[in-house]
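Mind having a look at this structure? Questions to follow.
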Amino acid sequence: MQFQLSEEQLMIQQAARDFAQHELKPGVIERDEHQKFPAEQVKKLGELGFLGMMVDEKYHGSGLDALSYVLVMEELSKIDASASVVVSVNNSLVCYGLEAYGTEAQKEKYLKPLASGEQIGAFCLSEPEAGSDATSQQTTAEDKGDYYLLNGTKNWITNGSTASVYLVIAQTDRSLKHRGINAFIVEKGMEGFTVGPKENKLGIRGSDTNSLMFNDVKVPKENRIGEDGFGFKFAMKTLEGGRIGIAAQALGIATGAYEIALEYAKQRKSFGKPIADHQAIAFKLADMATQIEAARMLVYKAAWLKDQGQPYTLAGSMAKLYASKVAMDVTVEAVQIHGGYGFVKEYHVERMMRDAKITQIYEGTSEIQKMVISREVLK
Ligand code: CAA
């Protein structure tokens with residue numbers, strides 16, 4: 001068993017750490033306050049190769065492993081989870097989905113600009129009436145011969161208005177239930193496709209979350225991903241990797257809040273000594289550090305399994321379930337350690353506490369992760 005990162009992984013980790021400090025930290029409070037998308041920063045992330053990290057270089061990706069991707073997600077999320085969710089969705093849901101299951105022509109046309117960061121992608125599964133119960137798709141894609149006619153609404157779509165390319169899941173043949181679902185590549189600007197207003201969210205407020213409306217959108221047949229009826233499996237396979245990315249995001253949020261709380265506890269004095277010297281605070285720090293380390297092991301192991309070509313459904317769900325709980329618990333404690341200061345924006349931890357919550361909801365709620373885990377262990 002090896003617990004040592006390679007030279008290359010350490011370099012990538014350091015590059016992400018530097019980027020987060022110098023490019024994401026300035027303005028992170030203002031972007032959160034005004035719900036401002038980090039457009040400039042995302043452009044630079046693309047130039048660094050962080051938007052198509054695991055994509056083969058022949059499709060303009062960086063050709064790196066999943067562990068490197070997780071390290072980058074962790075470092076970016078320590079500072080700005082709104083920026084890191086863009087990285088996560090583009091890498092694990094959109095680029096991975098296209099590279100693993102797209103045709104050569106789809107990869108040429110869509111994957112290349114997405115992997116290089118020239119364009120951003122969105123993954124569109126959730127609907128007003130189909131969140132956790134993802135097989136209940138109400139969006140329809142009627143087979144019209146040369147094209148599919150797409151009708152319906154998608155909800156809570158990350159990169160909703162900034163994306164250029166959307167992977168949309170829809171029901172083609174209701175009688176076949178989930179086996180009648182397909183996945184399609186939809187371009188912004190296709191007639192009948194409109195983007196709804198940006199959601200006003202509790203956390204990850206810098207990211208862009210919208211509903212999408214499809215009204216008789218003609219999607220060319222060649223834009224279907226995989227065989228007829230492959231759409232639900234496509235969504236599940238893609239989300240398996242996505243969950244590792246979100247687990248890494250949760251790990252990063254927890255670590256970022258913990259590091260701020262640790263420094264604060266060493267400096268802030270009460271009753272004549274630093275608060276870190278009071279057992280009440282020291283024990284909180286001990287618990288936070290232990291939980292974070294355990295989460296890190298689960299997240300890295302899930303990425304490692306993916307890199308080894310081994311099944312990672314169970315490991316990915318365990319990592320997401322646990323790391324997102326740790327993110328929530330640790331950020332709450334980080335606010336508590338700061339006392340009144342923790343409740344105001346300048347100290348960052350209240351934003352991290354708000355950002356942590358979504359990691360227990362998107363890409364499968366904690367309850368869905370428990371369904372996946374229990375089904376796997378009961379197999
Ligand atoms: N890989 C491959 N196939 C899978 C699979 C997997 N991991 N999981 C399920 N399937 C297949 C099953 O084999 C089955 O197919 P067959 O009948 O042909 O064998 C089919 O999918 C249906 O499976 P289930 O009977 O298990 O379906 P279910 O209705 O019980 O639901 C579920 C399964 C795991 C709960 C699923 O609905 C689910 O994951 N729900 C959560 C959805 C989700 O994560 N949404 C996130 C939205 S995306 C997002 O948040 C992105 C963002 O913007 C940040």
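Provide the net charge surrounding Leu321, with neighbours chosen by a C-beta distance below 15 Å and charges set as Lys +1, Arg +1, Asp -1, Glu -1.
Details: positive: Arg243, Arg296, Lys301, Lys320, Lys325, Lys357, Lys370, Arg375; negative: Glu240, Asp329, Glu363, Glu367, Glu376.
Summing Lys and Arg as +1 and Asp and Glu as -1 gives +3.
To continue, here is another question. Please list the equivalent ellipsoid semi-axes of the range 128-184, computed as the square roots of five times the alpha-carbon gyration tensor eigenvalues, in descending order and whole angstrom.
Numbers: eigenvalues 76, 50, 13 Å².
Working from the Cα gyration tensor, I get semi-axes of 19, 16, 8 Å.
Here is a further query. Taking N as the number of residues in the range 94-139, what is its alpha-carbon radius of gyration divided by 2.2 N^0.38 Å?
1.41
Select from Ser77, Pro113, Thr140 the residue farthest towards the positive end of the dipole of the range 49-165; place +1 on Cβ of Lys and Arg, -1 on Cβ of Asp and Glu, and compute about the Cα centre.
My answer, from the dipole projection, is Pro113.
Another question about this same structure. With N set to the number of residues, divide the alpha-carbon radius of gyration of the range 176-247 by 2.2 N^0.38 Å and report two decimals.
The reported ratio for this selection is 1.34.
For the chain, what is the calculated [θ] at 222 nm in deg cm²/dmol (nearest 500), taking -39500 (n - 2.57) for each run of four or more DSSP H residues and dividing by its residue count?
-15000 deg cm²/dmol
A follow-up question, please. In Å², what does the accessible area per residue of the chain work out to with a 1.4 Å probe? Walk me through the intermediate numbers first.
Values: 16650 Å² over 379 residues.
Ligands and nucleic acids excluded, the result is 44 Å² per residue.
Select from Tyr110, Tyr300, Tyr147 the residue whose mean-square fluctuation is largest in a Gaussian network model of the chain (Cα-Cα springs shorter than 10 Å).
Result for the chain, Cα springs under 10 Å: Tyr147 fluctuates most.
Further question: Add +1 for every Lys or Arg and -1 for every Asp or Glu among the other residues with Cβ under 11 Å from the Cβ of Val89, and state the total.
-2
Hey, what's the Kirkwood Rh for the range 275-353 if you take every pair of different alpha carbons, in angstrom?
Every distinct Cα pair counted, the radius reaches 13.9 Å.
Answer with one residue from Ile281, Thr103, Thr313: the one whose Cα lies farthest towards the positive end of the charge dipole of the chain, charges on Cβ with Lys, Arg +1 and Asp, Glu -1.
Ile281
Could you sort Glu222, Glu259, Glu127 by their accessible area in this structure, using a 1.4 Å probe and putting the largest first?
Details: Glu222 125, Glu259 85, Glu127 5 Å².
Sorted by accessible area, descending: Glu222, Glu259, Glu127.
Okay, moving on. Quick one: order Leu149, Leu262, Leu251 from most to least accessible surface, probe 1.4 Å. Before the final figure, lay out each step's value.
Values: Leu149 30, Leu262 50, Leu251 0 Å².
If we order Leu149, Leu262, Leu251 from most to least accessible, we get Leu262, Leu149, Leu251.
When the accessible area of the chain is split by element with a 1.4 Å probe, what percent falls to carbon and sulfur?
Carbon with sulfur: 54 percent of the solvent-accessible area.
Send over the Kirkwood Rh of the range 318-379, from the inverse of the averaged 1/r over different Cα pairs, rounded to one decimal Å.
12.6 Å
What is the distance in Å between the Cα centroid of the range 167-245 and that of the range 308-336?
Centre-to-centre distance over Cα atoms comes out at 26 Å.
Calculate log10 I(q)/I(0) of the chain for q = 0.08, 0.09, 0.10 Å⁻¹, where I(q) comes from the Debye formula with a single equal point scatterer on each Cα and nothing for solvent.
Here log10 of I(q) over I(0) equals -0.39, -0.50, -0.61.
The values are calculated or read from the model by the stated rules, or taken from the named source; none is laboratory data. It should be emphasised that the depicted structure is a prediction, and the values quoted were computed from it without experimental measurement. Positions of Cβ are generated from backbone atoms using ideal geometry, with glycine treated the same way; all protein chains shown enter the neighbour counts. These accessible areas exclude ligands, DNA and RNA; they are computed on the full protein's heavy atoms, side chains included. Shrake-Rupley method; radii C 1.70, N 1.55, O 1.52, S 1.80 Å.
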